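Worksheet for the structure shown next.
The values are calculated or read from the model by the stated rules, or taken from the named source; none is laboratory data. Quantities reported herein were computed from a predicted structural model and do not represent experimental measurements. FYI the Cβ positions are ideal-geometry reconstructions off the backbone, even for glycines, and counts take in every protein chain you see.
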């Protein structure tokens, strides 16, 4: 999505597509927008040595993620010389031969070699003739669908980025499979609650299931189990001292309610918890099973023991 007020030139002021065509690594960069794409690129350029400033009009970033994980990512990015300007809005961007100056509504001015706008994605539906088919799209080109991915026209389905969140390749591919089953009246099982989210920042973020905020809002009791990569032999081997894995566990029946991972291989590790939840497993399995040593997967064992110890401590007090 390109704001009409921004003069994109592909050199000094770029969007998240044009940034892929850059012939150089900028010494400094302003990233406008702290959504998934903006933060992914901010972390990538920071890893390359670029001094990055992130400007976001909201008061936080990645609001759908676990707050503890987001705080860990912010701490790590700040340690990589990333500056965050939350609650700020860009009023103008000036460009000259030496670089850019981004002016904020609060009066701040940020000099940088380059500005990258990450204002979300726009559905490319203008040339599809949706009106002729009777299909509706919103002002961002996104198509509204029901739970079976049917549009306002019963025999036409839509899937993928064009229907909005989560707009991930993994979920989009499965939406296509599910839509085909629904259109042909075939029975299909949809594990909607267990779709993993993967964010390819450096370090990665991935989670599956509920967040603490969601469980609290729904008045569902839970206990947390935490493991830090620095406690693991493999964490020391790969040099990851900041990674963490958090389990959310029901104290009543020990079911896994959520898995949240931050660090090396997070987008791979999350699938262990996803499989356990999908099969109706409990944290007891992780306590009892043996995991290869040294692996990052051991984080599940450590977190499971942590959660179980907390649950046992509660039970011992209640039953005394």
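Assorted remarks:
- Residue satisfying condition, being more than 13 Å from the chain's Cα centre (by Cα) and at pLDDT 95 or above, within set 24, 85: 85
- Residue satisfying all of: in the range 43-61; under 16 Å from the mean Cα position of the chain (by Cα) and under 16 Å from residue 263 (Cα atoms); surrounded by the fewest Cβ atoms within 10 Å (Cβ to Cβ) among these: 44
- Filtered by the rule that a residue be within 17 Å of residue 73 (Cα to Cα), part of a loop (DSSP other than H, G, I, E, B) and free of Cβ contacts under 8 Å to residues at least 60 places away in the same chain, the range 238-266 gives 239, 240, 241, 243.
- Any hit, the range 82-96, residues being surrounded by fewer than 14 Cβ atoms within 10 Å (Cβ to Cβ), assigned to a loop (DSSP other than H, G, I, E, B), at negative phi and not assigned by TED's automatic domain parsing to the domain that holds residue 155: yes
- Checking each residue in the range 106-131 for being over 28 Å from the mean Cα position of the chain (by Cα), assigned to a loop (DSSP other than H, G, I, E, B) and over 30 Å from residue 166 (Cα atoms) picks out 106, 107, 108.
- Selection count, the range 158-212, where residues are under 30 Å from residue 228 (Cβ atoms), assigned to a helix (DSSP H, G or I) and touching a residue at least 24 places away in the same chain (Cβ under 8 Å): 4
- Looking only at the range 290-320, and only at residues there that are modelled with pLDDT of 95 or more and part of a loop (DSSP other than H, G, I, E, B), the one that is surrounded by the most Cβ atoms within 10 Å (Cβ to Cβ): 296
- Tabulated pairs, the range 273-285, first in contact (Cβ under 8 Å) with a residue 40 or more places away in the chain, second part of a helix (DSSP H, G or I) and loosely packed, with under 15 Cβ neighbours inside 10 Å, C-beta under 7 angstrom, 6+ apart or interchain: 274/194; 277/194; 278/194
- For the range 83-106, the count of residues that are touching a residue at least 40 places away in the same chain (Cβ under 8 Å) and over 18 Å from residue 6 (Cβ atoms) is at least one.
- Test: residue 283 is farther than 18 Å from residue 221 by Cβ and at pLDDT 95 or above: no
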